[in-house]
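In what follows, a single structure is set out as C-alpha cells and then discussed.
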Amino acid sequence: MKKVLSFALVVALMLSSASFAAPKKTAKKAAPKSAVYTTKKSDLSVSPKVSLYTGNGGSSFAIGCEVAKPIMERVDLMGEVIYVLPNGGVSNIVLSGNGIYKFDKVQGMPGDIYAGGGLNYNILSGSGFSASGIGFQGLVGMDIPAGDGTAFGQLKYVSYSYSVPGVTVPGFGTVGGGTVSASGFVIEGGYRFAL
C-alpha cells in the first residue's frame, strides 16, 4: 500500500509542479470597455476511456481515466488510472505516468497524432493471491475534434513484472512462487474534456 501511495504522490506532485514551470506572460494592453470578457478554460484535460488488453494468452476489458496537463509546447504530462476487469479470477489496477509529444498536423489526417511513454504500477489480486509490479509502456494515438471536446483512440504496448508468493507447506517448506512477466497490446478509446 505504501508503494501505491508513494507512486500517486509522485504523479500528483509532477502534475502540480508543471503549473509552476509555465512561463510568465507579459502584460497586455487593457481591453476597451465594450469588450466581452470570457473565462479561459484551464489547460487540464480529463479523459474517461475504455480499453481492451491483449496478450499472455487472453484478453480483458478495462475502464479508466487520464488526466493531462501541458508542461511545454507540444509536450504533455499525463497520469492515468485503469481498472482491468477480472480475467481468470484476477483483476488489475494500473497507475501510470506518461510523457506525451504532439506532432505537427499532417495534411489529410482527420486528427492530430501524438506518441509517448512512461512507467506503470500494477496491483493484481484474486485467485488467492495479491501482488504488485512496475513496468513500462509506449503509446501512439490520434485526437479527433468532436463537439466541445476531443475523441481519441490510441494503441499501447505494456510490459510489467510481478512476484507471486509461494505457498508454505508444513514439512516441505515453500512451494511455487517466483517472478511473472506480462506484456501485450492495449487498444483504447475515449473522450477528452477540457477543464
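The values are calculated or read from the model by the stated rules, or taken from the named source; none is laboratory data. Keep in mind it's a predicted model, so treat the numbers as computed, not measured. Note: ideal-geometry Cβ built from the backbone for every residue, glycine included; neighbour counts use all protein chains shown.
Of note:
- Summed over the range 77-108, the residues that are in contact (Cβ under 8 Å) with a residue 40 or more places away in the chain and either touching a Pro at 6+ places or on another chain (Cβ under 6 Å) or among the aromatic types (F, W, Y) (or both) give a count of 0.
- When the range 92-128 is filtered for residues that are more than 22 Å from R192 (Cα to Cα), surrounded by 17 or more Cβ atoms within 10 Å (Cβ to Cβ) and out of contact with any Leu (no Cβ under 6 Å at 6 or more places or on another chain), the ones remaining, listed by number, are N122, I123, L124.
- G111 vs. criteria touching a helix residue (DSSP H, G or I) at 6+ places or on another chain (Cβ under 7 Å) and at pLDDT 90 or above: no
- Check on E73, of a type in the set (D, E, K, R) and modelled with pLDDT of 95 or more: no
- Number of positions in the range 86-101 that are modelled with pLDDT of 95 or more and over 15 Å from Y121 (Cα atoms): 3
- The range 144-166 residues that are surrounded by fewer than 19 Cβ atoms within 10 Å (Cβ to Cβ), paired with ones that are assigned to a strand (DSSP E or B) and charged (D, E, K, R) (beta carbon under 6 Å, 6 or more apart): G149/R192
- Residue within the range 124-135 that is hydroxyl-bearing (S, T, Y) and in contact (Cβ under 8 Å) with a residue 60 or more places away in the chain present: yes
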